[in-house]
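Contents: one structure, followed by commentary.
The values are calculated or read from the model by the stated rules, or taken from the named source; none is laboratory data. These numbers were taken from a predicted model, which means no experiment stands behind them. Backbone-built Cβ (ideal geometry, glycine too); neighbour counts: all protein chains shown.
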Amino acid sequence: MTRPDGPHPAPPPGVTLPPVTSPSPGLRRPVASAPLPSSSVAEALRTPRPPTAAHPLELLWVLTKEAPMTERGPAVLVLCTGNSARSQMAEAFLRKHGGNRFPVYSAGTEPAAEVNPLTVEVMRERGIDLSGRRPEHLRRYLGTIPVHTVIIVCDGAAKSCPAVWPGAQRRLLWPFEDPAAFEGSEEARRGKFREIRDAIEAHVVAWLERGGMPMAASA
């Protein structure tokens, strides 16, 4: 005995199978969707959005996409506008001087097409290779990783930097000048990148020495 929609084992004696009907034309069977991340989507959507944030429907789609997760606990997230200079430097120095205590990421509200070549050059002078890095949009991390501390490295004129981050316990403002906005000769611009690089590294080291990121956050 077979069912109309294909061969199946015969049912036990006395058991009657329900009739099989074909779906109406134009109708599709529902497809189970992937579960949303454990963080509160509602909370994320209630948060005031920066000018470049996604539409809520797009945000829901982003939240269900595969995203980087960490097994080392809540992270530090460094934000700026283009994610091509200051935030890349800060992320790199937090990784270097923070060791394996906590995960670190960086992103921008309006990511540039590439990491600024002068950023790559001056960071290489510190033994850090950023040649394989690319700017990321902050949506990549919204609702996908547990964030303990948000560090915003935009200066006061960068209005597009977000003021809040869902679930973060701390929001720190480290307003460094944007070296990419400096005008001058190539050597003068390189000098400005070195100046900002050194200022960011000094700030990161001092913050960590003060216990800026508690060990408990990486447990």
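Numbers below:
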read-out	value
Elements of type helices (runs of 4 or more DSSP H) in the range 50-137, at least 3 residues being modelled with pLDDT of 95 or more	86-98, 117-124
Positions within the range 108-135 being out of contact with any strand residue (DSSP E or B) (no Cβ under 6 Å at 6 or more places or on another chain), free of Cβ contacts under 8 Å to residues at least 40 places away in the same chain and surrounded by 14 or more Cβ atoms within 10 Å (Cβ to Cβ), in sequence order	112, 115, 120, 128
Selected residue (criterion: nearest to residue 82 (Cα to Cα)) from residues of the range 171-219 that are modelled with pLDDT under 95 and surrounded by fewer than 13 Cβ atoms within 10 Å (Cβ to Cβ)	181
Which numbered condition residue 168 misses (of (1) at pLDDT 95 or above; (2) assigned to a loop (DSSP other than H, G, I, E, B))	(1)
Boolean, residue 81 is within 25 Å of residue 213 (Cβ to Cβ) and either touching a strand residue (DSSP E or B) at 6+ places or on another chain (Cβ under 8 Å) or surrounded by fewer than 21 Cβ atoms within 10 Å (Cβ to Cβ) (or both)	yes
Residue 103 touching a residue at least 40 places away in the same chain (Cβ under 8 Å), in contact with a Pro (Cβ under 6 Å, 6 or more places away or on another chain) and surrounded by 20 or more Cβ atoms within 10 Å (Cβ to Cβ)	no
Where a residue in the range 184-207 is without any contact (Cβ under 8 Å) to a residue 24 or more places away in the chain and its partner, wherever it lies, is of a type outside the set (Phe, Trp, Tyr), with Cβ under 6 Å and at least six apart	192/179
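For (1) within 23 Å of residue 208 (Cβ to Cβ); (2) in contact with a Gly (Cβ under 8 Å, 6 or more places away or on another chain); (3) among the small types (Gly, Ala, Ser), each residue gets a yes or a no:
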| residue | (1), (2), (3) |
| --- | --- |
| 123 | yes, no, no |
| 146 | yes, yes, no |
| 154 | yes, no, no |
| 168 | yes, no, yes |
